[in-house]
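The values are calculated or read from the model by the stated rules, or taken from the named source; none is laboratory data. A quick note: this is a predicted structure, and the numbers were derived from the prediction, not measured. Positions of Cβ are generated from backbone atoms using ideal geometry, with glycine treated the same way; all protein chains shown enter the neighbour counts.
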Amino acid sequence: MIDITEVAKRSGLSASTLRFYEEKGLITSVGRQGLRRLFEPNVLERLALIALGRTAGFSLDEISRMLGSHVHPQIDRQLLVDKAEELDRSIRKLISMRDGLRHAAVCSAPSHLECPKFRRLMGLAVSGAFDGDQKKNSKLKKSPKKVLRKGS
């Protein structure tokens, strides 16, 4: 058994985070030694899975559903595929934003507002293209200039 202080030290998480994770059902203590919670050694592996899920953008509720209360979690592979596709969409948006900003930084137009690429970037921002709103995105496909004027 490992007490909460050792789990915190080895996982890099605070004791309050570990108590919160226990409250959410992500981890389970197996007893107490005085006032300190005790955990099975495999809690560190479970905490590593939680950290991986958080890094990938899963919510704690999603992670909880994936891990369940099983010693060996049965992770839904389709959920992983869906998250990977979501990350791909985010990456494409971020690359588009990065490229637009780099262009704006070196654009030779007298004013950014005179630069067609910068105006397109503004239109994308107004349309919601960078926040994933599909209804707003459909307006953009018709006419980014109209979307930009509406938001002005």
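Out of Gly12, Gly57, Gly53, which single residue is surrounded by 15 or more Cβ atoms within 10 Å (Cβ to Cβ) and modelled with pLDDT of 90 or more? Residue meeting the stated conditions: Gly53.
Of a type in the set (Lys, Arg) and surrounded by fewer than 11 Cβ atoms within 10 Å (Cβ to Cβ): is that true of Arg37 in this structure? For Arg37, the condition - of a type in the set (Lys, Arg) and surrounded by fewer than 11 Cβ atoms within 10 Å (Cβ to Cβ) - is not met. Within segment 52-69, residues that are touching a residue at least 12 places away in the same chain (Cβ under 8 Å) reach partners that are charged (D, E, K, R) and in a helix (DSSP H, G or I) with beta carbons closer than 8 Å, at six or more positions or on different chains, in the pairs Gly53/Glu62; Ala56/Lys83; Gly57/Lys83; Gly57/Glu86; Phe58/Lys83; Leu60/Arg54; Ile63/Arg54; Leu67/Arg46.
Among the residues of segment 70-112, which ones are over 23 Å from the mean Cα position of the chain (by Cα) and free of Cβ contacts under 8 Å to residues at least 12 places away in the same chain? Within segment 70-112, His70, His72, Arg102, Ala105, Val106, Cys107, Ser108, Ala109, Pro110, Ser111, His112 qualify.
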